[in-house]
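Notes to accompany the following structure.
The values are calculated or read from the model by the stated rules, or taken from the named source; none is laboratory data. Bear in mind the structure is a predicted one, so any value in this text is a computation, not a measurement. Glycine also receives a Cβ, built like all others from the backbone with ideal geometry; neighbour counts cover every protein chain displayed. Ligands, DNA and RNA are stripped out before the accessible areas are found, and what is left, the full protein with its side chains, is counted by its heavy atoms. Shrake-Rupley method; radii C 1.70, N 1.55, O 1.52, S 1.80 Å.
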Amino acid sequence: MIIINYKHENMEDYDKTTDCEVYSIHVKVDDISTKAKQMIIMIQDTSWITELDIIERASFDARAQPTIDKLVHEILSKVTTTLSDDFGEFLISVTAQDSLELQYNHTKVPLAELFKEKKSGNPGFDFHTETSTQLLAYGEAKYSGSINPYTKALKQIKGFLDESKDKMELTDLKYFTSEESISSALEDKKAFVAAFSINSENPSDIIENALSSEHIEDLLDYEELYIIGIEVDA
């Protein structure tokens, strides 16, 4: 994974007035086989469960193991040099978390698929981090092998907000984030991340299109917003 560019955006450049802190990152992943192997190691690392007390440990272990088995044996271990949609979405989520940790000192939260109740396809945000300013960041990942799905990511975040999915997830997120971030979330102070694959000869144009999108407007009411475009060289 290589971070090609990152920027603290001035939204006046996009004719938008806001107090929201907006950041963009352009990332490239060029060895998906190696990345898949790294993801297998990461997903099988259940140290996040062992740090919980005995009741939560039993509960989250029961939720995580079927998902770990599915991800490792049915999706990640079959990756060679081509991308399935299932792998693509996990790749976008994991790469976005890694980029935020590396560039903006976020703390990663276990992938949502691992601690939610369904084996896969959980309705809700795909990934989470805690920002360096102690805010919960809710992330949505969209992958396509042909288009640039930033609109889908932005609209999905708005849709989840309308359904209060962010509040529903607090009961699980409290085990993996600081009390400060949970308190801020209860006061509606939070961050969002729209992460998407880029299929274009001009990646910077796609990120600018996302920043100009009308679908970003509702998210500018919050404290921080991250736009992450990910090139995948399969």
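Values for this structure:
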{"read-out": "Largest to smallest accessible area among Arg57, Arg63 [probe 1.4 Å]", "value": "Arg57, Arg63"}
{"read-out": "Surface share of carbon and sulfur [accessible, 1.4 angstrom probe, percent] for segment 53-143", "value": "48 percent"}
{"read-out": "Rh by Kirkwood over Cα pairs, then Stokes-Einstein D for segment 132-206 at 0.692 mPa s and 37 °C, µm²/s", "value": "240 µm²/s"}
{"read-out": "Accessible-area value, Met1, 1.4 Å probe, nucleic acids and ligands omitted, Å²", "value": "80 Å²"}
{"read-out": "Dipole magnitude (debye, nearest 20) for the chain, charges at Cβ of Lys, Arg, Asp, Glu", "value": "880 debye"}
{"read-out": "Convex hull volume per residue for the chain, taking Cα atoms only, in Å³", "value": "110 Å³"}
{"read-out": "Distant-in-sequence amide H partners of Tyr23 (H built 1.01 Å from N, under 5 Å)", "value": "Glu9, Leu225, Tyr226, Ile227"}
{"read-out": "Surface accessible to a 1.4 Å probe, per residue, for the residues of the chain, Å²", "value": "47 Å²"}
{"read-out": "Those lysines that a straight Cα-Cα span of less than 27 Å connects to Lys35, excepting residues fewer than 8 apart in one chain", "value": "Lys7, Lys70, Lys78, Lys108, Lys116, Lys118, Lys119, Lys142, Lys152"}
{"read-out": "Solvent-accessible ranking of Thr107, Thr151, largest area first, probe 1.4 Å", "value": "Thr107, Thr151"}
{"read-out": "Extended-chain gain in nm, criterion 0.36 nm per residue less alpha-carbon gap, Asp233 and Lys70", "value": "56.2 nm"}
{"read-out": "Charged-residue dipole, Cβ positions (Lys, Arg, Asp, Glu), segment 68-117 about Cα centre, Debye nearest 20", "value": "120 debye"}
{"read-out": "Label-to-label distance, nm, for residues given as Asn199 and Ser146 (7 Å Cα→Cβ offset)", "value": "0.6 nm"}
{"read-out": "Sorted peptide list for 93-99, 50-56, 5-11, criterion being average Cβ within 10 angstrom, highest first", "value": "93-99, 5-11, 50-56"}
